[in-house]
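> Sharing a structure with you now.
The values are calculated or read from the model by the stated rules, or taken from the named source; none is laboratory data. Fair warning: this is a prediction, and the values are worked out from it, not measured in the lab. Note that we place each Cβ from the backbone using ideal geometry, even for glycine, and neighbour counts take in every protein chain shown.
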Amino acid sequence: MLFSAFRQSTYEPLSTYPGQQQQKRWSTRSKLALGFAVASTVLLGFWFGKAALFRRAYNPLDDYRNINQLPVTVADSLPKTSPSNRRAVVSSLYSDDFAIATAVVGYSTQAANVSARLLLPYLSDRVSSKALCIAQATGWEPYPVPLIPPPHDGRGIYARFMDQYTKLNIWKLDSRGIDSAVYLDADTLVRRNFDELFDSPFNFAAVPDVYGAGDPRGFSLTFNAGVLAFRPSSAVFDDMREKMETAEFPLKQAEQAFLNLYFGGTAMRLPYVYNANLAIKVRSPVLWRRLVDEMRVVHYTTVKPFIIDSKSSSTILDEKEIRVAMEQAAKRESGLFREEVGWWREAYDRMMLDRGHEIRKCY
Ligand SMILES: *[C@@H]1O[C@H](CO)[C@@H](O)[C@H](O)[C@H]1NC(C)=O
């Protein structure tokens with residue numbers, strides 16, 4: 001009786017480990033064949049000693065560099081809790097094609113009654129006054145920041161991450177009177193209030209990353225840099241800037257890989273509901289269902305309801321184009337994320353009902 005509620009949710013083994021589901025007994029012949037296959041694989045493995053076969057994916061904890069002296073917890077001298085004008089939700093705007101997404105992040109943050117200022121660092125030579133107007137119409141206070149170029153002149157970085165180190169500017173928010181901040185990527189959506197993050201006793205907190213089907217990293221020990229709860233500190237910013245050039249880490253993943261090296265051993269790991277990465281749904285539908293009602297921030301990593309497939313220009317999408325983008329996203333992956341795209345659509349529709357008048361004036 002007591003456990004009847006639990007019986008409804010059955011355990012679903014990961015599809016990527018079919019061996020666990022196999023109940024069949026092995027015949028002697030197939031055992032021999034398997035033994036031979038294993039032996040030859042091992043031999044081949046030694047032969048290609050350095051080949052990827054036995055090499056684990058990079059993990060900054062395996063290769064830890066002691067480059068961060070920041071205490072794990074907030075200093076006793078600092079206030080444990082700050083008034084809302086000293087807290088900030090911060091995102092970033094580096095091109096016009098993310099203007100509407102950023103607007104939805106801002107609007108959904110306000111709709112959840114998050115009590116903090118909404119600060120939006122932007123690159124002044126990339127972002128139009130129209131895009132800034134849309135951001136302001138949804139509560140953001142934009143402020144220009146300098147571009148932080150990638151280390152080693154951008155060697156080895158994914159082209160689409162070239163601007164991403166600019167994110168590090170958020171550590172300088174102490175100079176704007178901010179004690180405590182939560183960073184949100186533009187491809188996130190706020191579903192519930194997360195005020196508790198501002199009172200976190202930890203200097204840095206983030207959510208472990210999750211990789212989709214077929215990626216052996218699965219539920220990872222490294223964190224995703226799309227949602228960060230942190231105490232701004234210009235001293236930490238200067239320290240990062242200095243170490244970015246000399247630190248050894250996989251350059252491809254840009255600032256996320258650097259932050260994982262910098263904070264890997266000292267970050268507070270937050271529950272998935274603070275960065276509900278769509279990849280969780282791919283990996284474990286049953287975990288996703290478990291989390292849905294408590295999700296604070298959804299992260300549209302695998303499908304983006306605000307980007308049109310065929311369009312690569314960095315212009316602000318109009319209302320018709322946003323509808324097309326949402327329809328495309330709902331159909332992707334055989335419609336797996338229809339419901340989650342629906343959440344984004346609801347937020348967008350509410351935003352247009354409430355602020356559409358001001359937003360339309362910006363175009
Ligand atoms: C936010 O606050 C308003 C006004 O107090 C209230 O009507 C609304 O229900 C609150 N929304 C949430 C999501 O708590």
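> Please work out which one of (1) modelled with pLDDT of 95 or more; (2) away from the ligand (no atom under 16 Å from the Cβ); (3) of a type in the set (A, V, I, L, M, F, W, C) is the condition ALA257 fails and give its number.
The single condition ALA257 does not satisfy is (1).
> Just to verify a result, which residue in the range 101-136, among those that are over 18 Å from LYS167 (Cβ atoms) and without any contact (Cβ under 8 Å) to a residue 40 or more places away in the chain, is surrounded by the fewest Cβ atoms within 10 Å (Cβ to Cβ)?
The residue in question is SER129.
> Could you tell me whether ALA206 is touching a residue at least 24 places away in the same chain (Cβ under 8 Å), of a type outside the set (Val, Ile, Thr), touching a Leu at 6+ places or on another chain (Cβ under 8 Å) and part of a strand (DSSP E or B)? Working first, answer last.
On the way: touching a residue at least 24 places away in the same chain (Cβ under 8 Å): yes; of a type outside the set (Val, Ile, Thr): yes; touching a Leu at 6+ places or on another chain (Cβ under 8 Å): yes; part of a strand (DSSP E or B): yes.
Yes; evaluated as a whole, the condition is true for this residue.
> Restricting to the range 169-193, give me the number of residues that are within 16 Å of the ligand (Cβ to nearest atom), outside any strand (DSSP E or B) and within 16 Å of the chain's Cα centre (by Cα).
1
> Still on this structure, please answer the following. Does PHE230 satisfy being out of contact with any Pro (no Cβ under 6 Å at 6 or more places or on another chain), at pLDDT 95 or above, among the aromatic types (Phe, Trp, Tyr) and more than 16 Å from the ligand (Cβ to nearest atom)?
yes
> For residues that are farther than 20 Å from ARG191 by Cα and in contact (Cβ under 8 Å) with a residue 60 or more places away in the chain, tally how many sit in the range 138-150. If you could, list the steps in order and put the result at the bottom.
Within the range 138-150, the first condition is being farther than 20 Å from ARG191 by Cα, and the residues that meet it are 141-150.
With in contact (Cβ under 8 Å) with a residue 60 or more places away in the chain added as a condition, the list becomes 148, 150.
Within the range 138-150, residues that are farther than 20 Å from ARG191 by Cα and in contact (Cβ under 8 Å) with a residue 60 or more places away in the chain number 2.
> May I pose another question? Looking at the structure I just gave you, is ALA88 under 19 Å from SER180 (Cα atoms) and in contact with a strand residue (DSSP E or B) (Cβ under 7 Å, 6 or more places away or on another chain)?
Details: under 19 Å from SER180 (Cα atoms): yes; in contact with a strand residue (DSSP E or B) (Cβ under 7 Å, 6 or more places away or on another chain): yes.
Answer is yes for this residue.
> Within the range 276-289, does at least one residue satisfy the condition of being over 19 Å from SER220 (Cα atoms), at pLDDT 95 or above and surrounded by fewer than 21 Cβ atoms within 10 Å (Cβ to Cβ)? Even if it seems obvious, please write down each step before you answer.
Going residue by residue through the range 276-289, those that are over 19 Å from SER220 (Cα atoms) are 289.
When the remaining residues are screened for being at pLDDT 95 or above, the result is 289.
Next, only the ones that are surrounded by fewer than 21 Cβ atoms within 10 Å (Cβ to Cβ) stay: 289.
Yes, the range 276-289 contains at least one residue that is over 19 Å from SER220 (Cα atoms), at pLDDT 95 or above and surrounded by fewer than 21 Cβ atoms within 10 Å (Cβ to Cβ).
> Go through the range 94-137 and report how many residues are polar (S, T, N, Q) and away from the ligand (no atom under 16 Å from the Cβ).
Taking the range 94-137 as the starting set, the residues that turn out to be polar (S, T, N, Q) are 95, 102, 108-110, 113, 115, 124, 128-129, 136.
In the following step, the residues that additionally are away from the ligand (no atom under 16 Å from the Cβ) were identified as 95, 102, 124, 128-129, 136.
Total meeting the criteria: 6.
> For the range 137-168, what are the residues that are crowded, with 17+ Cβ neighbours inside 10 Å, of a type in the set (Ser, Thr, Tyr) and not in a helix (DSSP H, G or I)?
THR138
> So which of PHE249, PHE237 ends up being touching a helix residue (DSSP H, G or I) at 6+ places or on another chain (Cβ under 6 Å) and in a loop (DSSP other than H, G, I, E, B)?
Values: PHE237 fails: in a loop (DSSP other than H, G, I, E, B).
Checking each option against the conditions leaves just PHE249.
> Please tell me if PHE258 is crowded, with 22+ Cβ neighbours inside 10 Å, outside any loop (DSSP other than H, G, I, E, B), touching a strand residue (DSSP E or B) at 6+ places or on another chain (Cβ under 8 Å) and not hydroxyl-bearing (Ser, Thr, Tyr). Walk me through it before giving the result.
Working: crowded, with 22+ Cβ neighbours inside 10 Å: yes; outside any loop (DSSP other than H, G, I, E, B): yes; touching a strand residue (DSSP E or B) at 6+ places or on another chain (Cβ under 8 Å): no; not hydroxyl-bearing (Ser, Thr, Tyr): yes.
When the stated conditions are applied, PHE258 does not pass them.
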